[in-house]
Amino acid sequence: MTYTQGMLKEGALKGKTIVVTGGGTGLGRSMGTYFSELGANLVITSRKLDVLTETAREISEKTGSPVLPLACDVREYDQVEQVIKDTKAQFGKIDILLNNAAGNFISPTERLSHRAFDTVVDIVLKGSYNFTLAVGKDWIEEKHPGNILSIVTTYAWTGSGYVVPSACAKAGVLSMTRSLAVEWAKYGIRANAIAPGPFPTKGAWDRLLPGDLQKKFDPANKVPVGRVGDHQELANLAAYLVSDFSAYVNGEVITIDGGEWLKGAGEMNQLDQVPEELWDAMEMSRKGGSKLKMMFAYFNGMRKLKFRK
Ligand code: HXC
Ligand code: NAP
């Protein structure tokens, strides 16, 4: 068994209706596909109906479960309400909301127009609260239990230069998650979040590492486990959190990044660049011993250190 395989038992989401925003591409598509494999009724939404329709067809063909594609700009509350109406008309109810849609790009902040800042914040934060509010109101009115999962990032709590609108918005989504986990628990509604590290998708890679930046800044280099994420391992975590197996998990944000953000945070973590020979030389100098061996280890170590990326 490995992380590239599905984790939950067959039928674990049978009978559940799940709305995935931004479900036509990337991670939303991968998580939705796995929910569908587990028997869920899937609704995927985003702005591009052609993309959604094709994705819905492919997922449904693969899994045999129904997938409903619905065009909806998350920034428009009336379109969000329409998704709820159409979903209930098709499947009778909504059980789970996955806030996954996002917009992002890199830029020095002072080069952004206020409209550019608005665009990202509106998709990420307004989009997430639009859906959360509309679906939440519906659940409360119908006395129907609910489950909200939101995809944030690790810089929701560290912040990050060059993606400041996204960092502000994701921090807001995390705060909403923790707030509503408490406020709406009395209605049987849970709220959790996942903070993924780098998972290759066209949407993220093209916008965050355009052109030659992908060669210069290989995201795997920043990850202690030495690789980027596999979509199935994120889908496994998401499926657990939207399922009833996680009924006692509420208000949590789970990081899935191979230790990436902690590596950036730990004061001395860059010392993993130090070659073994240099550690040998330091140990020899501390413990005493052959000066020649120590010098040899030192120069070898320094040479390797110089050529490390
Ligand atoms: C600076 C930019 C820009 C850029 C757009 N703008 N791209 N400014 N740098 N690269 C500015 C425009 O000039 C305009 O401002 C304003 O933003 C709105 O631009 P539009 O193109 O009209 O917006 P829209 O069509 O709504 O498209 C939204 C978008 C686009 C965010 C700009 O990239 C998009 O559709 N993204 C969706 C998918 C996505 O971003 N996926 C990546 C998620 S990855 P002016 O002033 O000119 O009017 C992610 C990973 C996080 O979140 C963590 C990774 C580890
Ligand atoms: P992606 O494929 O670009 O997904 C973003 C989705 O959001 C697209 O399907 C897009 O579809 C949709 N979207 C954008 N604006 C929208 C709007 N106004 N209304 C409705 N839908 C909209 O990128 P991804 O990498 O899979 O990202 C998915 C989620 O993971 C995001 O929340 C992202 O922040 C998060 N994340 C990703 C990574 C990573 O390494 N990939 C890391 C951390 C967090 P349309 O263009 O059709 O609208």
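The values are calculated or read from the model by the stated rules, or taken from the named source; none is laboratory data. Because the structure is a prediction, the values reported are computed rather than measured. Neighbour counts are summed over all protein chains in view; Cβ atoms, including those assigned to glycine, are modelled from backbone coordinates with ideal geometry. Areas reflect the complete protein model, heavy atoms only, side chains present, ligands, DNA and RNA absent. Shrake-Rupley method; radii C 1.70, N 1.55, O 1.52, S 1.80 Å.
When THR45, THR55 are checked against the criterion of being open to solvent by less than 30 Å² (accessible area, probe 1.4 Å), part of a helix (DSSP H, G or I), among the β-branched types (Val, Ile, Thr) and at pLDDT 95 or above, THR55 stands alone in meeting it. Among the numbered conditions (1) modelled with pLDDT under 95; (2) within 11 Å of ligand 2 (Cβ to nearest atom), the only one that ILE256 does not meet is (1).
Would you say GLY39 is under 16 Å from LEU13 (Cα atoms), without any contact (Cβ under 8 Å) to a residue 24 or more places away in the chain and not acidic (Asp, Glu)?
Details: under 16 Å from LEU13 (Cα atoms): yes; without any contact (Cβ under 8 Å) to a residue 24 or more places away in the chain: no; not acidic (Asp, Glu): yes.
Answer is no for this residue.
Restricting attention to segment 98-119, which residues are assigned to a helix (DSSP H, G or I) and either away from ligand 2 (no atom under 16 Å from the Cβ) or not aromatic (Phe, Trp, Tyr) (or both)?
Just the residues of segment 98-119 that are assigned to a helix (DSSP H, G or I), to begin with: 109-111, 114-119.
Answer for segment 98-119, where residues must be assigned to a helix (DSSP H, G or I) and either away from ligand 2 (no atom under 16 Å from the Cβ) or not aromatic (Phe, Trp, Tyr) (or both): THR109, GLU110, ARG111, HIS114, ARG115, ALA116, ASP118, THR119.
Scanning segment 1-37 for residues that are crowded, with 24+ Cβ neighbours inside 10 Å and either at positive phi or out of contact with any helix residue (DSSP H, G or I) (no Cβ under 7 Å at 6 or more places or on another chain) (or both) yields GLY22, GLY28.
If you go through segment 78-104 and keep only what is within 16 Å of ligand 1 (Cβ to nearest atom), within 26 Å of LEU38 (Cα to Cα) and open to solvent by 30 Å² or more (accessible area, probe 1.4 Å), you end up with just ALA102. Given the structure, is ARG75 of a type in the set (D, E, K, R) and surrounded by 15 or more Cβ atoms within 10 Å (Cβ to Cβ)? Judged against the criteria, ARG75 is a match.
Of all the criteria given as (1) away from ligand 2 (no atom under 16 Å from the Cβ); (2) closer than 17 Å to ILE151 by Cβ, the one not satisfied by ASP95 is (2).
Please give the helices (runs of 4 or more DSSP H) falling wholly within segment 237-309 in which 1 or more residues are touching a Lys or Arg at 6+ places or on another chain (Cβ under 7 Å). Can you show your working first?
Working: elements: 260-265, 276-287, 291-307.
Correct list: 260-265, 276-287.
Within segment 250-273, not a single residue is touching a Leu at 6+ places or on another chain (Cβ under 7 Å), surrounded by fewer than 18 Cβ atoms within 10 Å (Cβ to Cβ), β-branched (Val, Ile, Thr) and without any contact (Cβ under 8 Å) to a residue 60 or more places away in the chain.
Apart from one condition, ASN147 fits all of (1) touching a residue at least 60 places away in the same chain (Cβ under 8 Å); (2) within 16 Å of ligand 1 (Cβ to nearest atom); (3) farther than 16 Å from VAL121 by Cβ; the exception is (2).
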